[in-house]
Structures are given as C-alpha cells and as structure tokens.
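The values are calculated or read from the model by the stated rules, or taken from the named source; none is laboratory data. Computed from a prediction, not measured in an experiment: that's the story for all the values here. Cβ placement follows ideal geometry from the backbone for every residue including glycine, while neighbour counts extend to all protein chains displayed.
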Amino acid sequence: MKFCPKCGTRLKLKQVKAEKGGATITLLCENCGYSDKAGRTVTQTTEEELSELPTIKVVGEKESKLSTLPTTKIECPKCGHDEANWWFLQTRSGDEPPTQFYRCLKCNHTWRSYS
C-alpha cells in the first residue's frame with residue numbers, strides 16, 4: 001500500500017492501455033491527481049466469455065419448493081384452507097411479546113397474531 005507524497009491519500013491502482021495491445025499499471029491519487037508508475041507492464045491480456053461458463057444451480061426447482069418453517073392447523077382468513085406455516089418476529093420493544101405470523105400453504109396469504 002502506497003500513499004501520495006503530496007497529500008497523504010492512499011494511491012489506487014489504475015490500468016492504462018498502451019498502443020501495442022499491452023497495458024501499464026499506474027498508481028493514481030484521486031484527491032490531487034498525482035500519478036506514479038507501478039513498475040510493472042502487462043503485455044498480454046486474455047478475456048473469457050461469461051456465456052461459455054457452465055451454469056451452476058444452487059437450488060433446483062424441486063428444492064425451491066421445500067419449506068423449513070413449521071406448520072400448524074389454522075384457518076386462512078382469505079381462502080379458508082386449514083394449514084399454514086408460522087414464525088415469530090420481535091416487532092415491538094424487547095419487553096413486549098413477539099408477533100406470530102402465519103402464511104397459508106394454499107394461497108400464500110400472510111397474516112399476524114399479536115400474542
């Protein structure tokens with residue numbers, strides 16, 4: 001890490017393209033404009049196309065439908081289905097009880113119950 005001798009700001013690396021296809025790396029101060037060669041020249045650059053890389057699926061279609069929330073028997077106020085996921089969330093101050101949320105497994109309607 002180098003600092004500007006004029007103003008003391010940290011110098012950032014900047015790549016400057018040369019005429020013969022190479023590039024020169026310089027240290028540049030964004031505060032006062034001071035620049036200094038980093039002492040290294042890159043003569044060959046390569047680029048990879050992102051479209052050529054294989055697609056990585058982190059979560060597949062089957063796994064995306066899995067739910068880790070617990071379920072309970074409660075009637076949905078919107079569609080009348082009798083099963084929903086539930087969770088607690090502290091929506092008020094710490095000395096107040098948490099709020100219980102429900103989400104219907106059929107229509108995804110979400111409602112809350114203040115304990």
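Couple of notes before you dig in:
- In region 75-97, of all residues being over 14 Å from Tyr114 (Cβ atoms) and among the small types (Gly, Ala, Ser), the one that is surrounded by the most Cβ atoms within 10 Å (Cβ to Cβ) corresponds to Ala84.
- Residue selected from region 28-39 under the condition part of a strand (DSSP E or B) and modelled with pLDDT of 75 or more, by the criterion surrounded by the fewest Cβ atoms within 10 Å (Cβ to Cβ): Lys37
- Residues of region 1-27 satisfying the condition of being modelled with pLDDT of 85 or more and within 28 Å of the chain's Cα centre (by Cα): Arg10, Leu11, Lys12
- Subset tally (residues that are among the hydroxyl-bearing types (Ser, Thr, Tyr) and in contact with an Asp or Glu (Cβ under 9 Å, 6 or more places away or on another chain)) for region 59-92: 2
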